[in-house]
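Here, each number is a calculation from the coordinates, and none is a lab measurement. The structure presented is a predicted model; accordingly, all values stated were derived computationally and were not measured. Don't worry about glycine lacking a Cβ; one is built from the backbone with ideal geometry, like all the others, and counts go over all protein chains shown.
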Amino acid sequence: MTRFPALLFAAAAAFGCASAPGPGAGPGGPPRPDQTPAAPPNSGDPAAAVPAPPGNTLQAYGPGGPARFVFYRRDSVTFQLPGGGSEHQVDGRTTYLSLTLRDTTDGFWVEFVLDSILTDPGSPIRHLVVDSATGSRYAGLMPRGGGLSPGIFRLSRSSSLGENIASDIVRRFLPHLPAGGARPGVTWTDTVEVGIGGLTIAHRDRVVVSYEASDDASGLRLRSTGRVTRTGSGTQNGQLLEVSGTGVDSAAYRLDWAGILAEAEGLERLDLDFVIPAVGQTVPVRQSGRFTIRRLSEAP
């Protein structure tokens, strides 16, 4: 008999859709997926002292780096099992990464380096999988106004976990700024599509995102709300799995006036149906959580 929780959690945890810091497991405190994230506080980063541009309008991201970040995310997955029961499981990881933007005639050459990856105690992700992703580079050309394209960016080595983290990077770093620049009171929309092999199931997310900008002394702040549509399929323990569903996503970002991401946080909630055609079984899954991104202070 198929053990549904083990079969499905391995698949669901591989998605990397929900991101939530848990107690003692990473920066940002316990997950509160029922709340809209507040704008990230001013962390006291020296870059926040850069003077605001005319009209407090940020036209583009700023070249430079490498800037170091800590990126924490945690999945919370609840399965509605046959017979009316349910099972709840969590998983989290912390990624330390570096980001460099080099100016070119066609935009920025952007390079992320996954310096180290730490999994929470009890994580189902194996050490060999973590080792295969550590040190990977994810690089490509980006317009000066942001918006990472997974069709242009490439990962330096084959790694299912590296691909999973790369999909997070596409969605969570360097959001697209509008034509004419982002300034207080401006709103705009963007659509991001990410296809990824993941650890178990190949899936595609389509996210339609609405942004609103505001400002304060520390820089430009962006709030986003999005609608997520997910489809995918794959095999686990030799059995075909299919998944589909929708959800909501919200996030808050702070960019300093030099055009460098300072910090971000957000949450996501998805309602998914996992289908195992061989046994004609559909298992509803609720996946939710929170992510945090913090730029680290440079060493003196």
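Which whole-number percentage describes the relative contact order of region 115-188, with Cα contacts under 8 Å and a sequence gap of 6 or more?
Working: 70 pairs, mean separation 21.6, N = 74.
Computed value for region 115-188: 29 percent relative contact order.
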Subject >> Peptides 176-189, 243-256 ordered by average Cβ neighbours within 10 Å, highest first >> reply: 243-256, 176-189
Original post:
Normalised by the residues of region 218-300, what does the relative contact order come to in percent, with Cα pairs under 8 Å and at least six apart?
Top reply: 26
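GluC sites (Glu not before Pro) within region 193-300: which are DSSP loop residues with at most 15 other Cβ atoms inside 10 Å? Present the calculation step by step, with values, prior to reporting the outcome.
Values: sites: Glu193, Glu212, Glu242, Glu263, Glu265, Glu268, Glu298; in loops: Glu298.
Of the GluC sites (Glu not before Pro), the ones in loops of region 193-300 whose Cβ has at most 15 other Cβ atoms within 10 Å are Glu298.
For region 70-138, what does the relative contact order come out to in percent, with C-alpha contacts under 8 Å and a separation of six or more? Intermediate results must be reported in sequence, preceding the final value.
Numbers: 110 pairs, mean separation 18.0, N = 69.
RCO, region 70-138: 26 percent.
For region 97-139, take N as its residue count and report Rg(C-alpha) divided by 2.2 N^0.38 Å. Don't skip to the answer; put the middle values down first.
On the way: Rg = 14.2 Å, N = 43, 2.2 N^0.38 = 9.2 Å.
Here the Cα radius of gyration is 1.55 times the empirical estimate.
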Original post:
So what's the gap between the Cα centers of region 54-77 and region 122-172, to the nearest angstrom?
Top reply: 16
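For region 103-253, how big is the tail of P(r) above 17 Å, as a whole percent of Cα pairs?
On the way: 7679 of 11325 pairs.
Of the Cα pairs, 68 percent sit more than 17 Å apart.
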